[in-house]
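See below for the structure under consideration.
The values are calculated or read from the model by the stated rules, or taken from the named source; none is laboratory data. Since this is a predicted model, take the numbers as computed values, not measurements. Backbone-built Cβ (ideal geometry, glycine too); neighbour counts: all protein chains shown.
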Amino acid sequence: MRIGIISFAHLHAHSYASAICKTEGVEFAGIYDEQEERGREAAARYSVPYYSQLDDLLQSELDAVIVTSENVRHPEHVLAAAAAGKHILCEKPLATNIEDAEKMIEACKQHQVMLQTAFPVRFNSSIKEAKSMIENGALGRIMAIKGTNRGMNPGGWFVDKKLSGGGAVIDHTVHVVDILRWFMGSEVVEVYAEIDHMFSETVIDDCGILTMEFDNGAFATLDCSWSRNKTYPTWGDVTIEIVGIDGTLSLDVFSQHIHTYTNASGYQQHYWGDDMDEGLILDFVTSVKGNKNPSITGLDGLRAVEVALAAYQSSELRKPVLVGIQ
């Protein structure tokens, strides 16, 4: 199976490229990037061809592509790949508005190619164990959830709304919303959000608190922020606390690390745990090779985007809003 990458704009492009190189029976076949210097540097690093034109990459012998461009460019790249008959793994958020996400899903359906949204957190060991426990009824009916996804401000195009579609809220909400939807098999129906700019030099939303109501009666709160400073020992966190009628469960997704304290470097955390990006790539490859539906669909990506957009609308209106009504 031959996979190409469209753009190295996103931070995850390198981890996906490394995962491709480690996956048996898969060849990293080429890179397109409109920024030639960035594209050629990546191509040299992974010893693959660089293409200055997207059509040239898509017309080469590829089975699939990974789209890791700026958020607003996802639609054009997904539509082009679908028209070329390539299966697609698209970085989150799937799109920056509902209309574009729907067009992407429809195009992939029309051209009979797979569209998978990149939500690697599903491949964390603790998340998978929690999913199993919930399905087996260990917690009973879920009543409430508290989640966090707090990280460092990535800078660059992420803080340019014309390229990103928004700041921390669209960047971090989609991950946790996907997990909660997956855990409960339930949809968010209403959102109330308070969003602000408090930490960044660039004026963009870098913090938010969401309260979400699900169609199964559960509610959840989420702290989605870029609140970690440069001296913080890790980039951020994903934590989830679940309250069910028969039990509670606490998850700290990135707690797989070793603490070190030295005179020379002070306190540091060294991560040793799951490579979730490897899990995501292996899952994508398995689905393509087996001609199966993706485990994380384009519709999953759309539903997460709907919640983030509803959060922005709620913050502007200063009242709860229904999800999917913009």
Query raised in the report: Mind checking which residues of the range 55-100 are closer than 18 Å to Arg2 by Cβ, touching a helix residue (DSSP H, G or I) at 6+ places or on another chain (Cβ under 9 Å), in contact (Cβ under 8 Å) with a residue 40 or more places away in the chain and surrounded by fewer than 20 Cβ atoms within 10 Å (Cβ to Cβ)?
Result: Asp63
Report task. Please indicate, with yes or no, whether at least one residue in the range 124-145 is touching a His at 6+ places or on another chain (Cβ under 7 Å), assigned by TED's automatic domain parsing to the domain that holds Gly217 and surrounded by 20 or more Cβ atoms within 10 Å (Cβ to Cβ). Result -> no
Query - Residues located in the range 1-47, provided they are surrounded by fewer than 20 Cβ atoms within 10 Å (Cβ to Cβ) and of a type in the set (Val, Ile, Thr) - result: Thr23
**Report entry** Single match in Ser250, Ser225, Ser255 (criterion: modelled with pLDDT of 95 or more, under 19 Å from Gly273 (Cα atoms) and assigned by TED's automatic domain parsing to the domain that holds Glu194)
**Finding:** Ser250
Query - Condition broken by Thr211, with the remaining ones in (1) part of a loop (DSSP other than H, G, I, E, B); (2) more than 21 Å from Thr117 (Cα to Cα); (3) of a type outside the set (A, V, I, L, M, F, W, C) satisfied - result: (1)
Query raised in the report: Among Glu190, Glu194, which is surrounded by 15 or more Cβ atoms within 10 Å (Cβ to Cβ), modelled with pLDDT of 95 or more and assigned to a strand (DSSP E or B)?
Result: Glu190
Query raised in the report: Of the residues Lys103, Lys109, which single one is outside the structural domain of Arg181 (by TED's automatic domain parsing), assigned to a helix (DSSP H, G or I) and free of Cβ contacts under 8 Å to residues at least 12 places away in the same chain?
Result: Lys109
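Could you look through the range 236-265, keep only residues that are acidic (Asp, Glu) and touching a Gly at 6+ places or on another chain (Cβ under 9 Å), and pick out the one that is surrounded by the fewest Cβ atoms within 10 Å (Cβ to Cβ)?
For the range 236-265, the residue satisfying everything is Asp246.
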Query raised in the report: Looking at the range 197-217, which of the residues that are free of Cβ contacts under 8 Å to residues at least 40 places away in the same chain, under 26 Å from Met152 (Cβ atoms) and among the hydrophobic types (A, V, I, L, M, F, W, C) is surrounded by the most Cβ atoms within 10 Å (Cβ to Cβ)?
Result: Cys207
Query raised in the report: How about the range 238-287: which of its residues are touching a residue at least 60 places away in the same chain (Cβ under 8 Å) and of a type in the set (Val, Ile, Thr)?
Result: Val238, Thr239, Ile240, Ile242, Val243, Ile245, Thr248, Val253, Ile281, Val285
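Looking only at residues that are among the acidic types (Asp, Glu) and under 21 Å from Glu190 (Cβ atoms) in the range 200-217, which one is farthest from the chain's Cα centre (by Cα)?
Here the answer is Asp215.
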Requested in this report: Take the range 281-321 and flag every residue that is β-branched (Val, Ile, Thr), buried (at least 17 other Cβ atoms within 10 Å of the Cβ) and over 21 Å from Ala220 (Cα atoms).
Outcome: Ile281, Val285, Val288, Ile296, Thr297
